[in-house]
Amino acid sequence: MNTEAVNLEGISIFMLGITLYLIVFATSFIRLVNQFQKKEKLIATLKSDNKKNEQENILVRVDRKNQLISLNELAYIESLNDYVKLVTTESEFVTREKITNLNKKLPEKFIRIHRSFLVNSDKVNSFTTTEVNILKTNLPISRTYKKKAIEILESLPQNP
């Protein structure tokens, strides 16, 4: 047996081992970086959700003026095609905005119960599987949002 042939076989096996090791190391590193990026994205989402839940007012444009509306006073939001009616305990405001855009800006206590209605869960007086009573007004719960809306409403803390 030739010693040069043995040396070449040994070197090629050594190179194969190093190559495999580098491939495994590289894939592990890539997985680690991906997990880190997912966690960073999750942290950013949680921070923005926390900021949303801590806000006390929402800024909307009403009659060509910017109007600050207190979220504690806001009872429900009704979509009127291209406009949105914001109903507070004291008054009503109509603005040219989409209900979906407002839904993204509002904290989690605002529940979508219908494609035309968002309600403040703190202001709900009573509810059934088909409607929500808020400020002596009955608002429908649509089939699309029924399951999630009822789950959220049933999980709310009971007020004595």
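The values are calculated or read from the model by the stated rules, or taken from the named source; none is laboratory data. Model, not experiment: these values are computed from the prediction. Positions of Cβ are generated from backbone atoms using ideal geometry, with glycine treated the same way; all protein chains shown enter the neighbour counts. Keep in mind that these areas ignore ligands, DNA and RNA; they rest on the heavy atoms of the full protein, side chains included. Shrake-Rupley method; radii C 1.70, N 1.55, O 1.52, S 1.80 Å.
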Inset, instruction - Work out the FRET efficiency for ASN133 and ALA26 from their Cβ-Cβ distance, taking R0 = 41 Å, and round it to the nearest 0.05. - result: 0.10
Inset, instruction - Note down the accessible area of ASP122, probe 1.4 Å, to the nearest 10 Å². - result: 100
Legend entry - About the Cα centre, charge dipole magnitude for the chain (Lys/Arg +1, Asp/Glu -1 at Cβ), debye: 480
Legend entry - Residue-by-residue Karplus 3J(HN,Hα) for the stretch 87-92, coefficients 6.51, -1.76, 1.60, Hz, glycine and proline x: 9, 9, 5, 9, 8, 10
Inset, instruction - With the Cα gyration tensor of the chain in hand, give its eigenvalues times 5 under a square root as the equivalent ellipsoid semi-axes, listed largest first in whole angstrom. - result: 59, 19, 14
Inset, instruction - Extending each Cα 7 Å along its Cβ direction at THR45 and SER70, get the distance between those two points in nm, one decimal. - result: 3.4
Inset, instruction - Using the heavy atoms of the protein chains and a 1.4 angstrom probe, tell me the accessible area per residue for the chain in square angstrom. - result: 75
Legend entry - Spacing of the two label points (7 Å from each Cα toward its C-beta) at ILE152 and ASP82, in nm: 2.8
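Probe radius 1.4 Å, ligands and nucleic acids left out: which of TYR145, TYR76 has the largest accessible area, and how do the rest follow? Please list the in-between numbers first.
Numbers: TYR145 65, TYR76 15 Å².
Ranking TYR145, TYR76 by accessible area, largest first, yields TYR145, TYR76.
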Legend entry - Shape metrics for the stretch 90-133, restricted to C-alpha atoms - Rg then Dmax, Å: 11.4, 31
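Given an 8 Å cut-off on Cα distances and at least 6 residues of separation, report the relative contact order of the chain as a percent.
13
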Inset, instruction - Quantify, in whole percent, the carbon and sulfur part of the accessible surface of the chain (1.4 Å probe; protein heavy atoms only). - result: 54
Inset, instruction - With the convex hull built on the Cα atoms of the stretch 20-87, state its orientation-averaged projected area in nm². - result: 7.8
Inset, instruction - Compute the signed sum of charges (Lys and Arg +1, Asp and Glu -1) over the other residues within less than 13 Å, Cβ to Cβ, of THR95. - result: +2
Inset, instruction - Identify the GluC sites (Glu not before Pro) of the stretch 58-141 meeting these criteria: DSSP loop state and at most 14 other C-beta atoms within 10 Å of the C-beta. - result: GLU90, GLU108
Inset, instruction - For the chain, find the longest principal axis of its Cα atoms and tell me its angle to the long axis of helix 3-54, 0 to 90°, nearest 10. - result: 10
Inset, instruction - Please give the FRET efficiency for ASN125 paired with LYS38, using the beta carbon to beta carbon distance and R0 = 30 Å, rounded to the nearest 0.05. - result: 0.15
Inset, instruction - Just tell me which lysines come within less than 28 Å, Cα to Cα, of LYS98; anything on the same chain fewer than 8 places away is out. - result: LYS41, LYS47, LYS51, LYS52, LYS65, LYS85, LYS109, LYS123, LYS136, LYS146, LYS147, LYS148
Inset, instruction - Please determine, in degrees from 0 to 90 and to the nearest 10, the orientation of helix 143-155 with respect to the longest principal axis defined by the Cα atoms of the chain, where the helix direction is its Cα long axis. - result: 90
